[in-house]
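Below you'll find the structure, written out as C-alpha cells, and then a few comments.
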Amino acid sequence: MTRSPAQRGTPDVGRARSGSFRHGDDWWRRGVIYQVYPRSFADGDGDGLGDLPGIIDHLDHLGPDGLGVDAMWLSPIYPSPGVDGGYDVTDHTRVDPVLGGDAAFDTLVAEAHRRGIRVILDLVMNHTSDQHEWFVGSRSSRDGPLADRYLWRDPAGIDASGTPLPPNNWVSWFGGPAWTFEPARGQFFHHTFLAEQPEVDWRVPAVETAMFDMVRGWLARGVDGFRLDTFNVFLKHPDMPSNPTRRGTSAWTRQVHLYDFDQPDLPALIERFRAVVDGATGRMSVGEMFVGTLAGAAALTRDRHLVFDWDLLGLPLRADAFRRTIRRRERAFGLERWPTAVLSNHDQSRHVTRLAASVGAPEHDRDAIAKAGAAILLTIRGTPFLYYGEEIGMADVAIPPHESVDPPAARVGPDFPWWDRSQARTPMPWTGGPSGGFTSGTPWLRLGPDVAERHVAGQAADPGSVLSWYRALLAARAGHRSLQDGAIQVVSAGDPDTLAHVRSGPGPEVLVLIHLGAGACRARIPSGPARTWSVVAATHVDPATRLAAGRSLELEPYEVVVAVAQDR
Ligand code: NOJ
C-alpha cells in the first residue's frame, strides 16, 4: 500500500454543475450546509465589518470549484442594533444597509443559485429588538393595533419600597429576571434573553399572521430555507405560572422550566409554519432547540424540518464517547427522522479548540484533529452543518474583554464555563495579506494570531491542508450516495481508539475508520458487507488503495480512511 502525506479524494465526482442544484427536493437530507456569520466572513466595502458584497466575492470558495456545499445559512442579516450579534432584529423584512442592503441580498441569492448554492435565512421570530416598531408602538400605551404583540403583564404586587414585583419567577438565560418593568405602560414585558430582546406573543393571531407574511416575502425572493432561532421558546404556558424550583448552581438551573418553553401546542405551530414554507417546493427549515434534549429534538423533527440536538457538541475527543453518542442518536431519531450533524456554530467554542483541549492535545496536532473532526461530521448519518472557518482549522481566538463584541458575555453566570462568543466569531482569513484579506480597513474584531500562516489561499494550494481534506471529503460524500442518506452502523475495528462505521444503501457501502488516538494503533478492516474496500478519501494513504476485510492496518494518530465496498 502506498502511504503519502497528501490526501486526495475524487474531486470531480458528483459535483454540482454550475447553475444547477444537486439532489433535487431531497437536498435537505443529502446535501451539506455551510453557516456564514456575515459580520466576519468578508468585508466588501472596507468599513471593517463583513457584509453581503464580501460574501458574493467569495462564493467560489463555497461553490462547485471550491468546497461544493449545497446551501449556506446566513446568520441574521436584518437591521439590528447589534446587542446580540444581529439576533436583535428591528425589521425582519429588510436587509441591514450596513451589510449591503436589499439589493445586495438579491444579487447574493442570484449569484449563489448560479453556483448551485441554496440560501437559508436565520429567522429570529421568538423576539425582536426593543427598537422594533412593534415594540416602540406598544411600549407607551395599552391601546392601539400594536399594544398586545408582546408578553405584557401586570405586576404581581408592589414591595415595601414601592417597587413593582414581576408577574412570576421566570429568569433570563442571559442572567437576571426575565421581566423588565416599563413605567410608561405600568407593566412588565417578558424576555428570555436580553431586555433589549422583548418576546413576541405567538398566541396573538396578528403576530402569527405578520410573521408568516414575512416568511412568504422571503420565499418570493428565492430563499431556500430557514433556520428558526430558539423555536421551542415561541410558546409559553398561556397563564404564565411560576416554574417549580429545585437545587441548582444558578438562577436558571434552580428552576424546572415547565412553563417558559417546550409547550404542548408547539408541534401544531410548526405544522402551520411548514404549511407556509411548503407553499414553495424544496424548501427546508431547521429549528434551533433551546436548552433541549435529544429526545425533544427527535420528537420535533419532521419531513423537511430538521432540529438541532447538541449531543455531539459536548463530547471529548474519544472514540468510545462518539460511538456511544452516535448509537444513542440513532436510537432517538430512528430511521424515519433525519438528524443533523453539528460540531461548531456561532454560540460555541470552535470544535478544533474544544476537542484538542478535551484530551490536552499539543498545538502541532491541531490540523490532524481538525481533519478527524471533519471526517466525523461528514460521514455520520445526518445533514452536516459546517461553520465558516472550520475548513481551514480555525480555532477560538482569545479576545480581551474590552474588545468583546458579545455584550451578553458580561452578564452570564456560572452555567457558562466557556463564554464570550466573540472568540468563535473572528474574521475569516482569506490571504496572507494585511488583516488576512478580510478587509481593507480595520477589522471590527481581531483576527487570530496565526492569520499569516493559516488562510484560505495558502491551504487551497497545499494538498496536505485541512482545506484540501474538506474538499476531498465533500467530494467523496457527493460521489457516494450511501454517505449522503444511507443508514449507519457503528462497527468494531478491533482498536478502542478507532471510530468505525459503515454507511449502507443506496449504492455501495462505505466504510469509515477514524483513529482518535494520539499514538499509532493497529486496526482491523471489518468483515461484513465487502471482501475488499477501495479507498476514496484518506489522510495518509493514496486513493484507490485496496483494503482486504479481516486484514489489519496500522493507523497513525488521527488518521482517517474512507473506503467504498468493492467485492461483496
Ligand atoms: C440563539 C442564537 O443562536 C444566539 O446567538 C442568540 O444569542 C440567542 N438565540 C438569542 O437570540
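Here, each number is a calculation from the coordinates, and none is a lab measurement. Predicted model only: the values in this text are computed from it and were never measured. We place every Cβ from the backbone using ideal geometry, glycine too, and count neighbours over all the protein chains shown.
Computed over neighbours whose Cβ is under 15 Å from that of A275, the net charge equals +1, Lys and Arg +1, Asp and Glu -1.
Annotation for region 235-297: trypsin sites (Lys or Arg not before Pro) lying in DSSP loop with at most 10 further Cβ atoms inside 10 Å of their Cβ are R246, R247. Amide H contacts under 5 Å for Y150: D201, restricted to partners 5 or more places along the chain or on a different chain, H placed in the peptide plane at 1.01 Å from N. Highest mean packing first, where packing is the average number of other Cβ atoms within 10 Å per residue, the peptides 50-56, 327-333 line up as 50-56, 327-333.
How high is the FRET efficiency between D320 and V136 when r is their beta carbon distance and R₀ equals 45 Å, given to the nearest 0.05?
Plugging the Cβ-Cβ distance into 1/(1 + (r/R0)^6) gives 0.25.
Can you work out the FRET efficiency for the pair D265 and A461, with r the C-beta to C-beta distance and R0 = 56 Å, to the nearest 0.05? Computed FRET efficiency for D265 and A461 comes out at 0.55. In this structure, the amide hydrogen of M72, modeled 1.01 Å from its nitrogen in the peptide plane, lies closer than 5 angstrom to those of Y34, R118, V119, I120, counting only residues at least 5 positions away or on a different chain.
Close amide H pairs (under 5 Å, H built 1.01 Å from N) link T498 with L516, residues at least 5 positions away or on another chain.
Our estimate of slack between A110 and L165, defined as 0.36 nm per intervening residue step minus the Cα-Cα distance, is 14.6 nm. In units of the compact-protein estimate 2.2 N^0.38 Å, the chain shows a Cα radius of gyration of 0.98. Per-residue 3J(HN,Hα) values for region 114-131, derived from phi via the Karplus relation 6.51 cos²θ - 1.76 cosθ + 1.60 with θ = phi - 60°, read 4, 9, x, 9, 7, 10, 10, 9, 8, 9, 9, 10, 7, 8, 10, 6, 6, 8 Hz in sequence order (x marks Gly and Pro). Take every pair of alpha-carbon atoms less than 8 Å apart whose residues are at least six positions apart; their mean separation over the length of region 199-345 yields a relative contact order of 21 percent. In plain terms, the chain from F416 to S20 could stretch by 138.2 nm, reckoned as 0.36 nm per residue minus the Cα-Cα distance. In order along region 238-243, the Karplus-derived 3J(HN,Hα) couplings, from 6.51 cos²θ - 1.76 cosθ + 1.60 at θ = phi - 60°, round to x, 8, 6, x, 4, 6 Hz, and Gly and Pro are given as x. For region 188-327, the calculated P(r) over all alpha carbon pairs, in 10 Å bins from 0 to the bin holding the longest distance, is 10, 34, 34, 18, 5, 0 percent. For region 302-309, putting each phi into the Karplus relation 6.51 cos²θ - 1.76 cosθ + 1.60 with θ = phi - 60° gives couplings of 9, 4, 6, 10, 8, 9, 5, 10 Hz, in residue order, rounded to whole numbers and with x for Gly and Pro. Taking 7 Å steps out from each Cα toward its Cβ at R216 and E556 produces label points 5.8 nm apart.
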